[in-house]
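The structure under discussion appears below in the form of structure tokens.
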Amino acid sequence: MSDAVLFDARDDGIAILTINRPDQRNALSKEVREGLRAAWERFEKDDALRIAILTGSGEKAFCAGGDLKEMVDTGMKVPPRDFFPLPYDSIELSKPTIAAVNGVAFAGGWMIAQACDLCVASSSARFAITEVKVGRGSPWAAPLIHMIPQRIMMEIILTGKPITAQRAYEIGLVNRIAEPANLMEEAIALAKDVLEGAPLSVKAGRETVMLATEMGRAAALQAARAAHELTYNSADAQEGPRAFAEKRKPEWKGE
């Protein structure tokens with residue numbers, strides 16, 4: 001693993017990925033992109049890890065976006081499809097993720113925060129889709145329409161102006177806000193809330209949300225029923241009700 005992205009595999013099933021270039025505002029340089037790609041792959045392959053938290057070093061920036069100097073030096077036009085390591089897009093993941101936004105999340109920084117399933121933000125964080133300010137594009141923002149209202153999305157993209165963490169929370173982009181010193185504590189608490197659920201139920205639940213954003217009502221219901229077949233037929237589906245009846249905490253096996 002490169003030191004551009006730190007990887008902490010905790011013994012409670014949580015992985016913490018930290019973009020570690022605060023002097024560069026954690027921009028998505030080549031070394032950061034490669035570090036993220038390796039970190040996501042490591043997370044996906046480790047069966048002991050059930051959820052990941054992505055954050056940035058320092059207090060100023062979660063990620064300031066793409067490396068504009070690199071784009072100038074290489075004369076980049078349209079970025080290759082797999083240029084940025086995006087969870088559930090160019091990176092295949094089957095587990096839930098949380099963005100812990102500790103500072104500015106601009107352009108590509110918003111992009112990788114948006115790609116995560118859940119988002120906790122520092123009260124000092126700011127979000128912006130700034131591509132119009134530098135003549136670039138934000139096609140990656142298309143799924144945002146499933147998270148926030150159309151007119152708000154339109155203003156954010158057309159003006160490129162930042163919004164506060166509070167505003168991001170109000171429009172539904174952010175799940176929770178924490179004081180800067182408590183950001184990781186809050187993100188870990190949210191991760192633990194997810195981990196309390198049966199692993200197969202969490203997996204199928206996540207799939208249901210994604211199916212529902214991509215299909216009509218009837219098709220989504222049908223696909224969601226299929227996604228839950230394994231869950232209903234698992235040992236955990238018997239353990240959960242049994243534990244409830246016996247007034248004890250369930251012992252999940254993920255099978």
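The values are calculated or read from the model by the stated rules, or taken from the named source; none is laboratory data. What you see is a predicted model; the values in this text were computed from it and never measured. Cβ: placed from backbone, ideal geometry, glycine included. Neighbour counts: every protein chain shown. Accessible surface is based on the protein model in full, side chains and every heavy atom, while ligands, DNA and RNA are left aside. Shrake-Rupley method; radii C 1.70, N 1.55, O 1.52, S 1.80 Å.
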For the stretch 146-162, indicate whether the set of residues that are in a loop (DSSP other than H, G, I, E, B), open to solvent by 70 Å² or more (accessible area, probe 1.4 Å), in contact with a strand residue (DSSP E or B) (Cβ under 8 Å, 6 or more places away or on another chain) and over 15 Å from C63 (Cβ atoms) is non-empty. yes
In the stretch 132-145, is there at least one residue being open to solvent by less than 60 Å² (accessible area, probe 1.4 Å), closer than 19 Å to L86 by Cβ and in a loop (DSSP other than H, G, I, E, B)? yes
Is there a residue in the stretch 177-188 that is under 30 Å from A237 (Cα atoms), open to solvent by 40 Å² or more (accessible area, probe 1.4 Å) and assigned to a helix (DSSP H, G or I)? yes
Return the total of residues in the stretch 69-128 being assigned to a helix (DSSP H, G or I), over 24 Å from E185 (Cα atoms) and either modelled with pLDDT of 90 or more or within 15 Å of the chain's Cα centre (by Cα) (or both). 1
Inside the stretch 198-222, can you point out the residues that are within 26 Å of A52 (Cα to Cα), surrounded by fewer than 17 Cβ atoms within 10 Å (Cβ to Cβ) and more than 17 Å from the chain's Cα centre (by Cα)? A212, E214
Every residue from the stretch 86-103 that is among the small types (G, A, S) and either in contact (Cβ under 8 Å) with a residue 40 or more places away in the chain or touching a Pro at 6+ places or on another chain (Cβ under 8 Å) (or both): S94, A99, A100, G103
As an exercise: evaluate K192 against (1) open to solvent by 60 Å² or more (accessible area, probe 1.4 Å); (2) outside the structural domain of R10 (by the TED database); (3) closer than 30 Å to T55 by Cβ; (4) in contact (Cβ under 8 Å) with a residue 24 or more places away in the chain and give the number of the one condition it does not meet. (2)
